[in-house]
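The values are calculated or read from the model by the stated rules, or taken from the named source; none is laboratory data. Everything quoted here is computed from the prediction, not taken from an experiment. A quick note on method: Cβ atoms are made from the backbone with ideal geometry, for glycine too, and the neighbour counts reach across all protein chains shown. To get the accessible areas, we keep the full protein, side chains included, count just its heavy atoms, and leave off ligands, DNA and RNA. Shrake-Rupley method; radii C 1.70, N 1.55, O 1.52, S 1.80 Å.
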Amino acid sequence: MNWDNLSLTQPTVVKMITNSLKKDRLAHAYLFEGGRGSGKREVAKVLTKSFFCENKSEVHPCLECADCKRIDSGNHPDVHVIQAEGNSIKVEQIRYLKKEFSFRGVESKKKVYIVEEAEKMTTGAANSILKFLEEPEGEALAILMTTQYHRIIKTIISRAQIISFAPLAPKQLIDKLMEEGIVETDAYAVSQITFDLEEAIQICQDNWIAQARNKVIQLVDEISLRPKYAFITIQEAWMPFFKDKQDMQLGLDLLMIWYRDVLRTQVNHDDQIVYIDQKLKLQDQALMLSQRKLGSNLQAVMNAKRRLDANTAPQLLMEQLLLRLQEG
Ligand SMILES: [Zn+2]
């Protein structure tokens, strides 16, 4: 990873930081805020390299020197990563760190503190780390990261430069998922359900999303071609698979995405289709269903989602939904 790669996904972030590097005006503390998978950790790593590397070309770290390599492998003596122990980052953790640095004959005067899940810092820990930054000797850089900006205490917000990471666009999420070995059809489907890379990967595990997609395709097929069987499919295939409420919500999301795909097929927005391997079936349904009917199907699925939240029995809810979808 380098600044050029990163600027493909986070151009504004990279521009802000590299501009400061160019002018030699880095802040003492940064707060990176944004969703999981948005590249906070990667940016922190490249920034740390740019901070230490002695062979930079302009702002770009050389990636070859001892500093760069040690940062890459996560064992640079002057880079410290602080993570929550249990549910919080405690002041003792910061004190320990301070002591450790003062014992060790550190290599340079430069130090970087990277704090993950900064929202978990206690007030004491936050104050302690901010004090670190004011110490006169040497240069220190703190990079705090959070996915929950609203939980960050004010003392941090007022003393750090806030850098906001844009959420991943669905296309970027799809690319990242495919880099993780997730097949294209699954990546498309899950990118519509969440923006969160980790959650997306989790949903794809054990082939879950692939099977869920198949259940949806089976159901919509039967609704339009073999309506008599649709009830049996609900009982025998749908209910046992979407076992709890959360799964059921995702199943209904996928069903909604299907009808949206049919609608998009009708208006020739093929490039926005999510069920990318089902174009023939989508075209068939696009011919069979009117726009009005598709609108009412989407409404029916949304209502079902709402009723699921309001604790309607799932089986009953699905059967009533089915009746709505089968109406002419
Ligand atoms: Zn280097």
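Considering (1) open to solvent by 40 Å² or more (accessible area, probe 1.4 Å); (2) at pLDDT 95 or above; (3) closer than 19 Å to Asp196 by Cα, the lone condition that Lys15 does not fulfil carries the number (3). Would you please list the contacts, defined by Cβ atoms under 6 Å and residues six or more apart or on different chains, that run from a residue in the range 57-85 that is in contact (Cβ under 8 Å) with a residue 12 or more places away in the chain to a residue that is near the ligand (Cβ under 8 Å from one of its atoms) and charged (D, E, K, R)? Sorted first by the residue in the range 57-85, then by its partner, the pairs are Pro61/Lys49; Cys68/Lys49; Ile71/Lys49.
Whether any residue in the range 50-67 is more than 11 Å from the ligand (Cβ to nearest atom), open to solvent by less than 40 Å² (accessible area, probe 1.4 Å), at pLDDT 90 or above and closer than 23 Å to Thr9 by Cβ is what I want to check. Looking through the range 50-67, at least one residue is more than 11 Å from the ligand (Cβ to nearest atom), open to solvent by less than 40 Å² (accessible area, probe 1.4 Å), at pLDDT 90 or above and closer than 23 Å to Thr9 by Cβ. Within the range 68-92, if we keep just the residues that are outside any strand (DSSP E or B) and among the acidic types (Asp, Glu), the residue that is nearest to the ligand (Cβ to nearest atom) turns out to be Asp72. Of the candidates Gln272, Gln326, Gln278, the single residue that is modelled with pLDDT of 95 or more and over 14 Å from Gly251 (Cβ atoms) is Gln278.
Within the range 187-224, how many residues turn out to be in a helix (DSSP H, G or I), of a type outside the set (Asp, Glu) and closer than 30 Å to Gly328 by Cβ? Total meeting the criteria: 12.
One residue alone among Asp72, Asp24 is open to solvent by 70 Å² or more (accessible area, probe 1.4 Å), farther than 14 Å from Ala140 by Cα, in the same structural domain as Leu141 (by TED's automatic domain parsing) and not polar (S, T, N, Q), and that residue is Asp72.
Per the listing Lys22, Lys109, Lys56, Lys98, the residue uniquely charged (D, E, K, R) and touching a strand residue (DSSP E or B) at 6+ places or on another chain (Cβ under 7 Å) is Lys109. Among residues of the range 130-152 that are more than 15 Å from Ile162 (Cβ to Cβ) and at pLDDT below 90, those with a beta-carbon under 7 Å from a residue that is among the charged types (D, E, K, R) and surrounded by 18 or more Cβ atoms within 10 Å (Cβ to Cβ) at least six positions away or on a different chain give the pairs Gly138/Lys111; Ala140/Lys111.
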